[in-house]
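The values are calculated or read from the model by the stated rules, or taken from the named source; none is laboratory data. The shown structure was predicted, so the numbers you read here are calculated from the model rather than taken from an experiment. Heads up, the Cβs are rebuilt from the backbone with ideal geometry, glycines too, and the neighbour counts pull from every protein chain shown. Ligands, DNA and RNA are excluded from the accessible area calculation, which covers all protein heavy atoms including side chains. Shrake-Rupley method; radii C 1.70, N 1.55, O 1.52, S 1.80 Å.
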Amino acid sequence: MPDDAAVAALKATLRGRLLQPGDPDYGEARKVYNAMIDKKPRLIARCADVADVIHCINFARKNHLLVAIRGGGHNGAGLGTCDDGLVIDLSPIKYTRVDPTARTVTVGGGCTWGDVDHATHVFGMATPSGIISTTGVGGLTLGGGIGHLTRKCGLSIDNLISADVVLADGSFVKANAQENPDLFWALRGGGGNFGVVTAFTFRLHPIDTLYAGPMLYELSEAAEVLKWYRQLLPSVPDDLNGFFAFHTVPPAPPFPEHLHMKKMCGVVWAYTGPLDKAEETFKPIRAFKKPAVDLVGPMPHPALQSMFDTLYPPGLQWYWRADFVNEISDEAVAQHVRFGAALPTMHCTMHLYPIDGAASRVGKTDTAWNYRRAKWTQVMVGVDPDPANNEKIISWSKSYYNALHPYSAGAAYVNFLMNDEGQERVKKTYGDNYERLVAIKTKYDPENFFRVNQNIQPG
Ligand SMILES: Cc1cc2nc3c(=O)[nH]c(=O)nc-3n(C[C@H](O)[C@H](O)[C@H](O)COP(=O)(O)OP(=O)(O)OC[C@H]3O[C@@H](n4cnc5c(N)ncnc54)[C@H](O)[C@@H]3O)c2cc1C
């Protein structure tokens, strides 16, 4: 542990705040999005700029402190914090710069996706992200990045053009196709294993208003809906994205009162094609079966991106398990229906996100993200505000996962792994790319300085 004089010296050096136990706002600062995570770092550095990050890394190395990197703090496994170590909190490094001519956006390492959508939407453009606007750009991107635009534009990493990175030895480098291409390859899926990314540059797409929103069906129709969905989705153009879900209808508008708190299934659609073709595109979808709720219509991209924000504010208890899926068999449908009908609390859910379309046309060795041939990633999400329900939501999530795992592709999206799943799961997730990742880790971080992550151990 560093002595008080060393801590005081670091504090004096930083532009951002350095918090430690006993400081009035330490309790608030140590919280991450998932309230099930209860870690007590020795120090939390609210880094204001790249210089602060470099000072923190050098300090931690010299004082043998464990380091956790915090972007948006959303990681389900709580990898944005640690006990007794130094949290490099990037949240103050929040800036965005859109180049409308080049169609790029450069964002600070502490931005959330809401920050990015706000900056790009005014130019009528967007880059692919996740489905909740409070998620950090950092963790989501470095793990891959799946969302409403996956089929149209690929994963977030497929749109990453360049990154600024502070390495374990405190040096600053750029990673892109020309500079440090090996590092650039590894960053695109390899998580926070290689350094602290202080800035990301993404490609933008002319996406402004989509035709989007949820369609909900009765639970009794779930098997029929899921069987129809599994056939339909891979056959439709990339313009149409839709993830299947089980949800309890929230007791609030815009949902009709008679459906409040009812368990239902549905598809959350996002159509990026020409708006004047939207009604026609949705004709066969609406003809398949009349949904009990149809909230699909024109929607600005940031509205779609923040649609789930109110339902899932920070501070809930989260536990999830996940897998990649190649096909949804009849047996898998039966298990989904069984567990979907048993959502244990109002916030619990299951999402099946498509990862085909543009994401599947990137080669599996082009980036570190290996499962390019899988068609979906499914995640069984146990969520509740009350810690008293933790056992219930964890047990449901694990049982659901165990029932579906035999029908899966055998590995999971790294950003949906928990921290109790073991090293073998991480290796499986990277598959053939794992050895190459180990070699790059050994080059850039031979001491495994960055190890609060889904860890790639150096050789
Ligand atoms: C409510 C919710 C919704 C989600 N929805 C989606 C979704 O739609 N699509 C999807 O793909 N994922 C989704 N996720 C998963 C999400 O991608 C991961 O949880 C991700 O780790 C969150 O990133 P963060 O920066 O907020 O996390 P943090 O907890 O801040 O960081 C997680 C880890 O990422 C690494 N990291 C973060 N920032 C940096 C950086 N700048 N430099 C280096 N390493 C860094 C570190 O290793 C860190 O330990 C969701 C998660 C939640 C909780």
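In the range 8-24, what count of residues is obtained for those that are over 22 Å from Val50 (Cβ atoms) and either among the charged types (D, E, K, R) or open to solvent by 70 Å² or more (accessible area, probe 1.4 Å) (or both)?
Total satisfying the criteria: 4.
Does Lys443 meet the test of being open to solvent by 20 Å² or more (accessible area, probe 1.4 Å), over 24 Å from Gly72 (Cα atoms), in contact with a strand residue (DSSP E or B) (Cβ under 8 Å, 6 or more places away or on another chain) and modelled with pLDDT of 95 or more? Lay out the reasoning, then the answer.
Numbers: open to solvent by 20 Å² or more (accessible area, probe 1.4 Å): yes; over 24 Å from Gly72 (Cα atoms): yes; in contact with a strand residue (DSSP E or B) (Cβ under 8 Å, 6 or more places away or on another chain): no; modelled with pLDDT of 95 or more: yes.
It is false that Lys443 is open to solvent by 20 Å² or more (accessible area, probe 1.4 Å), over 24 Å from Gly72 (Cα atoms), in contact with a strand residue (DSSP E or B) (Cβ under 8 Å, 6 or more places away or on another chain) and modelled with pLDDT of 95 or more.
Taking the range 363-374 as the region of interest, how many residues are in contact with a Leu (Cβ under 8 Å, 6 or more places away or on another chain) and surrounded by fewer than 22 Cβ atoms within 10 Å (Cβ to Cβ)?
0
Residues of the range 195-204 being in a strand (DSSP E or B) and within 12 Å of the ligand (Cβ to nearest atom), which ones?
Correct list: Val196, Val197, Thr198, Ala199, Phe200.
Considering only the range 382-403, I want to know if a residue exists there that is open to solvent by less than 20 Å² (accessible area, probe 1.4 Å), within 25 Å of Gly71 (Cα to Cα) and not acidic (Asp, Glu).
Taking every residue of the range 382-403 in turn, at least one turns out to be open to solvent by less than 20 Å² (accessible area, probe 1.4 Å), within 25 Å of Gly71 (Cα to Cα) and not acidic (Asp, Glu).
Exactly one condition in (1) touching a Gly at 6+ places or on another chain (Cβ under 9 Å); (2) within 14 Å of the ligand (Cβ to nearest atom) is not met by Asp384; state its number.
All conditions are met except number (1).
Does Ile207 meet the test of being closer than 30 Å to Val293 by Cα and more than 13 Å from the ligand (Cβ to nearest atom)? Don't jump to the end; show me each part of the working.
Working: closer than 30 Å to Val293 by Cα: yes; more than 13 Å from the ligand (Cβ to nearest atom): yes.
Spelling it out, Ile207 is indeed closer than 30 Å to Val293 by Cα and more than 13 Å from the ligand (Cβ to nearest atom).
Which condition from (1) closer than 28 Å to Val268 by Cβ; (2) buried (at least 24 other Cβ atoms within 10 Å of the Cβ) is the one that Ile207 breaks?
(2) is the only condition that Ile207 fails.
Every residue in the range 78-108 that is more than 13 Å from the ligand (Cβ to nearest atom), aliphatic (A, V, I, L, M) and under 18 Å from Val197 (Cα atoms), please.
Selection gives Val105 alone.
Look through Asp23, Asp49, Asp38, Asp4 and report the one residue that is more than 11 Å from the ligand (Cβ to nearest atom), of a type in the set (Asp, Glu), at negative phi and under 23 Å from the mean Cα position of the chain (by Cα).
Asp38
So, in the range 293-331, exactly how many residues are in a helix (DSSP H, G or I), within 16 Å of the ligand (Cβ to nearest atom) and touching a residue at least 12 places away in the same chain (Cβ under 8 Å)?
Final tally of qualifying residues: 4.
Just one of Asp239, Asp276 is of a type in the set (Asp, Glu), within 28 Å of Asp208 (Cβ to Cβ) and touching a residue at least 60 places away in the same chain (Cβ under 8 Å); which is it? Explain how you work it out, then say what you get.
Values: Asp276 fails: touching a residue at least 60 places away in the same chain (Cβ under 8 Å).
Answer to the check: Asp239.
Tell me which residues, restricted to the range 58-77, are more than 6 Å from the ligand (Cβ to nearest atom) and out of contact with any strand residue (DSSP E or B) (no Cβ under 6 Å at 6 or more places or on another chain).
Asn58, Phe59, Arg61, Lys62, Asn63, His64, Leu66, Ala77
Return yes or no: is His148 at negative phi, surrounded by fewer than 21 Cβ atoms within 10 Å (Cβ to Cβ) and not charged (D, E, K, R)? Don't jump to the end; show me each part of the working.
On the way: at negative phi: yes; surrounded by fewer than 21 Cβ atoms within 10 Å (Cβ to Cβ): no; not charged (D, E, K, R): yes.
So His148 does not fit the description; no.
Within the range 185-206, can one find any residue that is charged (D, E, K, R) and out of contact with any strand residue (DSSP E or B) (no Cβ under 7 Å at 6 or more places or on another chain)?
no
Run down Thr112, Thr135 and say which single residue is of a type outside the set (A, V, I, L, M), open to solvent by 10 Å² or more (accessible area, probe 1.4 Å), within 8 Å of the ligand (Cβ to nearest atom) and over 30 Å from Arg373 (Cβ atoms).
Only one candidate passes the filter, namely Thr112.
How many residues, within the range 215-252, are assigned to a loop (DSSP other than H, G, I, E, B) and open to solvent by 10 Å² or more (accessible area, probe 1.4 Å)? Talk me through it step by step, then tell me what you get.
Our first condition is that a residue be assigned to a loop (DSSP other than H, G, I, E, B); within the range 215-252, this holds for 236-239, 249-252.
If we keep only those that are open to solvent by 10 Å² or more (accessible area, probe 1.4 Å) too, we end up with 236-239, 250-252.
Number of matching residues: 7.
Are there any pairs, at least 6 apart or on different chains, whose C-beta atoms fall under 7 Å, with the first in the range 59-88 and assigned to a loop (DSSP other than H, G, I, E, B) and the second among the charged types (D, E, K, R) and open to solvent by less than 20 Å² (accessible area, probe 1.4 Å), and if so, which?
Pairs that qualify, where the first residue is assigned to a loop (DSSP other than H, G, I, E, B) and the partner is among the charged types (D, E, K, R) and open to solvent by less than 20 Å² (accessible area, probe 1.4 Å): there are none.
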